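Report on one structure; see the data block that follows.
The values are calculated or read from the model by the stated rules, or taken from the named source; none is laboratory data. Since this is a predicted model, take the numbers as computed values, not measurements. Note that we place each Cβ from the backbone using ideal geometry, even for glycine, and neighbour counts take in every protein chain shown.
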Amino acid sequence: MERCDGCGRIEKPLFKLENTGFIKYYEKKVKNTVLKYGMLEDARRLALAVSDGKGSPALARAFLEVFPKIKFTIIHLNLGIPNYSDECQEVVERFCSENSIQLLIYGLSNCNGYSIYDFVNTAFSKRICGACGVVKRYPMNKIALENGFDALATFHNLDDTVKILFNLYINGKIDELVRIKPLISSGNPKIVRKIKPLIEITDGEDLHYLISREIEFANSECPLAKGSRMVRGKKLIVKIEDGVPNFKYLLLKVHLKRFLPLLEECASQPSLRECEKCDMPSVDSICSFLNIFEDHTVG
Ligand code: SF4
């Protein structure tokens with residue numbers, strides 16, 4: 001196998017299937033995942049959340065192929081990362097224009113004047129992807145809500161999910177583990193239902209699909225990823241899978257089928273209130289989005 005020296009992800013597609021066979025395999029897997037977990041049941045208006053990464057165009061294209069009658073909008077959040085975010089935006093603009101998909105573009109800097117890059121010299125410098133995850137979640141939900149969408153598909157795939165699961169299990173974070181599932185429906189009218197159609201698909205499969213279907217994707221890697229905990233975590237998972245074949249899929253399966261039902265019984269359900277500053281749902285008096293900027297004096 002050839003892997004990226006930086007993050008351990010598969011760099012070259014080395015699947016045995018020919019392109020046509022692989023395309024069918026990938027799209028069938030996306031379709032089966034959506035149907036198996038009832039992701040689109042009761043969903044009237046669907047949006048795909050896009051900000052970076054290779055999963056986004058793969059997810060959008062697979063949706064066009066397997067659910068041709070389902071209309072969706074792409075919401076692109078420009079994270080303001082130099083030499084990266086603008087390229088990601090240009091790629092998604094071309095993709096939407098070529099495929100006649102409605103596109104809504106927002107800049108993170110328009111939300112509060114900051115970008116992910118402002119975390120570089122803060123306490124988050126080594127876990128910047130964690131901060132990025134918190135920062136992306138809030139505006140994506142708010143944009144979807146304000147535009148009347150009731151389902152938001154994200155491109156979190158198997159590698160992303162297993163990396164998070166691994167961390168949460170070794171740290172015993174029960175309350176967070178219960179939120180790791182293919183469909184998250186909060187019941188709160190201000191939180192849009194999140195679905196993860198790529199949850200059973202690996203980084204390598206996403207990349208091979210893009211190449212097989214000749215879909216354009218951003219060539220640059222995020223400059224903040226190098227040396228981050230997220231990248232080191234993914235490299236560790238790759239090493240484990242070398243010794244435990246199919247480890248990623250097994251961990252996801254065991255989590256969903258065996259542990260999740262038990263964890264749901266004992267996890268405390270956080271009671272949500274309105275953030276004192278923005279009125280969005282929050283566990284604390286100030287929501288995690290505004291808190292992360294205030295606590296760590298970015299900029
Ligand atoms: Fe954000 Fe990390 Fe992805 Fe860069 S690699 S866009 S910092 S999550």
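Before moving on, here are some points about what is shown:
- Taken over segment 24-64, residues that are within 21 Å of ILE143 (Cβ to Cβ) and within 16 Å of the ligand (Cβ to nearest atom) amount to 9.
Here is a yes/no grid of residues against (1) assigned to a helix (DSSP H, G or I); (2) in contact (Cβ under 8 Å) with a residue 24 or more places away in the chain; (3) under 23 Å from PRO57 (Cβ atoms); (4) among the charged types (D, E, K, R):
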position: LEU210; (1), (2), (3), (4): yes, yes, yes, no
position: ALA225; (1), (2), (3), (4): no, yes, yes, no
position: LEU250; (1), (2), (3), (4): yes, no, no, no
position: HIS255; (1), (2), (3), (4): yes, yes, no, no
position: LYS277; (1), (2), (3), (4): no, no, no, yes
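- Taking the criterion of being more than 9 Å from the ligand (Cβ to nearest atom) and surrounded by 18 or more Cβ atoms within 10 Å (Cβ to Cβ), the residues of segment 216-229 that qualify are PHE217, ALA218.
- Residue check, LYS196 touching a residue at least 24 places away in the same chain (Cβ under 8 Å) and in contact with a strand residue (DSSP E or B) (Cβ under 8 Å, 6 or more places away or on another chain): yes
- Test for ILE81: is it touching a Leu at 6+ places or on another chain (Cβ under 8 Å) and assigned to a strand (DSSP E or B): no
- Residues being surrounded by fewer than 18 Cβ atoms within 10 Å (Cβ to Cβ) and closer than 19 Å to PRO189 by Cα - total across segment 282-293: 5
- Criterion: surrounded by fewer than 20 Cβ atoms within 10 Å (Cβ to Cβ) and over 17 Å from the mean Cα position of the chain (by Cα) - qualifying residue of LEU250, LEU183, LEU207: LEU250
- Test result for LEU103, out of contact with any Lys or Arg (no Cβ under 8 Å at 6 or more places or on another chain), assigned to a strand (DSSP E or B) and of a type outside the set (Asp, Glu): yes
- Residue under evaluation ILE74, criteria (1) part of a helix (DSSP H, G or I); (2) within 15 Å of the chain's Cα centre (by Cα), criterion not met: (1)
- PHE67 vs. criteria in contact with a Gly (Cβ under 8 Å, 6 or more places away or on another chain) and either away from the ligand (no atom under 16 Å from the Cβ) or closer than 24 Å to LEU35 by Cβ (or both): no
- On the stretch given as segment 83-104, residues that are within 16 Å of the ligand (Cβ to nearest atom) and surrounded by 14 or more Cβ atoms within 10 Å (Cβ to Cβ) total 8.
- Counted residues, segment 70-82 - those being away from the ligand (no atom under 12 Å from the Cβ) and surrounded by 15 or more Cβ atoms within 10 Å (Cβ to Cβ): 5
- Of the residues in segment 106-115, at least one is in contact (Cβ under 8 Å) with a residue 60 or more places away in the chain and either touching a Phe, Trp or Tyr at 6+ places or on another chain (Cβ under 7 Å) or among the acidic types (Asp, Glu) (or both).
- Filtered residue count, segment 9-42, keeping only those that are modelled with pLDDT of 90 or more and of a type in the set (A, V, I, L, M, F, W, C): 7
- Any hit, segment 253-260, residues being in contact with a Cys (Cβ under 6 Å, 6 or more places away or on another chain) and closer than 18 Å to ARG179 by Cβ: no
- Residues in segment 257-275 that are crowded, with 16+ Cβ neighbours inside 10 Å and without any contact (Cβ under 8 Å) to a residue 40 or more places away in the chain: CYS275 alone.
- Residue in segment 139-156 that is farther than 21 Å from SER56 by Cα, away from the ligand (no atom under 15 Å from the Cβ) and assigned to a helix (DSSP H, G or I) present: yes
- For segment 158-180, a tally of residues being of a type outside the set (A, V, I, L, M, F, W, C) and surrounded by fewer than 20 Cβ atoms within 10 Å (Cβ to Cβ) returns 8.
- Of the listed requirements (1) assigned to a helix (DSSP H, G or I); (2) surrounded by fewer than 20 Cβ atoms within 10 Å (Cβ to Cβ); (3) within 12 Å of the ligand (Cβ to nearest atom); (4) not aliphatic (A, V, I, L, M), SER109 misses just one: (3).
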